[in-house]
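The values are calculated or read from the model by the stated rules, or taken from the named source; none is laboratory data. Just so you know, these numbers come straight off a predicted model, no measurement behind them. Every residue, glycine as well, gets a Cβ built from its backbone with ideal geometry; the counts of neighbours run over all protein chains shown.
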Amino acid sequence: MTSQQLIENENKETEQDSLTSQTIDSEVALDTGNNSFSSASWLAYFQTNKMARVDIHFPGEIAVPQAVRTPLLKSLQRFQIGETGEGKHLKKYASTINDSAYEECIDLFIKEEQFHARVLAQMIQTMDGNLLSWHWSEFAFVILRRMLGLKTEIFILLIAEIIGKCFYKVCSDNLEDRLLSAAFSLIVLDEIGHLEFHCSFMSKQMLQFPLWVRRAVNFCWSALFFAACTVFIADHRGTLKALNVSPQAFLEDCIKTFQRAAVRTLSI
Ligand SMILES: [Fe+2]
Ligand SMILES: [Fe+2]
């Protein structure tokens, strides 16, 4: 699968949902009808994405009004830390799968996240902001991810991917600066791929468990997701307000994306 196919898939579903073709509505990229996972296909996807990637350079000044800039900077600083990691734990867990193509996928996935971190860093510095070296939300997220094995790590990671995708989409849709908006759109497209990649992998992993176990996992995962969403919205409400997005609308978008991911991942 390539980014183009993800976009085409998205456009097809988007038409069904009567949304505009310009809208990046990433959850529609989750193909609920296909439970197969091929690490070789995903490796080809990540390699194609890497070859097609263009570096983003911002001019000296980004046209963002001060009322938006202050809360936006605060949000981007936190996301920038989250996108920065080396993914040592994830790589270590991935090595237990005994699938070298999957390990390469994880490596390229982490490199895409690091690319996002560099883009966000540029945005922050162009808006005269500083990069953070630590934030409690990232610390809590890392601790949660490392509590158990690979599956737990990816379940927690998916929560962050879903919230991140929805937040970047809000930025892409509502920021007037065209370059900034386009950069967020590119990140959203990458996040669509990440969601599909992790959901597809987990779908195969979880099929070995009986339905009642998958339902129990869904219950716990949903509870954690709602808790994470609530904390996120409280923490980033200033940015959402500055971008004219209500907490309810943002929460609804997150829930819609999560529900599709849950159906896809747990076959429930
Ligand atoms: Fe990212
Ligand atoms: Fe991601």
Subject >> PHE79, sole failed condition from (1) crowded, with 17+ Cβ neighbours inside 10 Å; (2) of a type outside the set (A, V, I, L, M); (3) over 17 Å from GLN125 (Cβ atoms) >> reply: (3)
Original post:
Can you tell which of PHE250, PHE167, PHE201 is out of contact with any Leu (no Cβ under 7 Å at 6 or more places or on another chain), buried (at least 19 other Cβ atoms within 10 Å of the Cβ) and farther than 25 Å from ALA44 by Cβ?
Top reply: PHE167
Original post:
Among the residues of segment 192-220 satisfying the criterion of being in a helix (DSSP H, G or I) and polar (S, T, N, Q), which is nearest to LEU150 (Cα to Cα)?
Top reply: GLN205
Original post:
Which one of LEU211, LEU224 is modelled with pLDDT under 95, more than 16 Å from ligand 1 (Cβ to nearest atom) and within 18 Å of the chain's Cα centre (by Cα)?
Top reply: LEU224
Subject >> Search result, residues across segment 171-183 that are surrounded by fewer than 22 Cβ atoms within 10 Å (Cβ to Cβ) and within 16 Å of ligand 2 (Cβ to nearest atom) >> reply: SER172
Subject >> segment 55-82, subset among the aliphatic types (A, V, I, L, M), more than 16 Å from ligand 2 (Cβ to nearest atom) and not in a loop (DSSP other than H, G, I, E, B), residue farthest from the chain's Cα centre (by Cα) >> reply: ALA67
**OP:** Taking MET123 as meeting all but one of (1) within 16 Å of ligand 2 (Cβ to nearest atom); (2) surrounded by 16 or more Cβ atoms within 10 Å (Cβ to Cβ); (3) in contact (Cβ under 8 Å) with a residue 24 or more places away in the chain, write down the number of the exception.
**Re:** (1)
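Within 29 Å of LEU240 (Cα to Cα) and among the acidic types (Asp, Glu): is that true of GLU103 in this structure? Write out each step before concluding.
Numbers: within 29 Å of LEU240 (Cα to Cα): no; among the acidic types (Asp, Glu): yes.
It is false that GLU103 is within 29 Å of LEU240 (Cα to Cα) and among the acidic types (Asp, Glu).
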Original post:
In the set ILE162, ILE156, ILE143, which member is at pLDDT below 85, over 12 Å from GLY82 (Cα atoms) and not in a loop (DSSP other than H, G, I, E, B)?
Top reply: ILE143
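Condition check ((1) free of Cβ contacts under 8 Å to residues at least 12 places away in the same chain; (2) of a type in the set (A, V, I, L, M); (3) more than 16 Å from ligand 2 (Cβ to nearest atom)) across all residues:
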site: THR84; (1), (2), (3): no, no, no
site: GLY87; (1), (2), (3): no, no, no
site: THR96; (1), (2), (3): no, no, yes
site: SER100; (1), (2), (3): yes, no, yes
site: GLU104; (1), (2), (3): no, no, yes
site: ASP107; (1), (2), (3): no, no, no
site: HIS116; (1), (2), (3): no, no, no
site: VAL119; (1), (2), (3): no, yes, no
site: SER133; (1), (2), (3): no, no, yes
Original post:
Got a number for residues in segment 56-89 being acidic (Asp, Glu) and within 16 Å of ligand 1 (Cβ to nearest atom)?
Top reply: 2
**OP:** Could you tell me which of the residues GLU176, GLU196, GLU252, GLU161 is within 14 Å of the chain's Cα centre (by Cα), of a type in the set (D, E, K, R) and closer than 27 Å to GLN77 by Cβ?
**Re:** GLU161
**OP:** Within segment 182-202, identify whether any single residue is of a type in the set (S, T, N, Q) and within 16 Å of ligand 1 (Cβ to nearest atom), and answer yes or no.
**Re:** yes
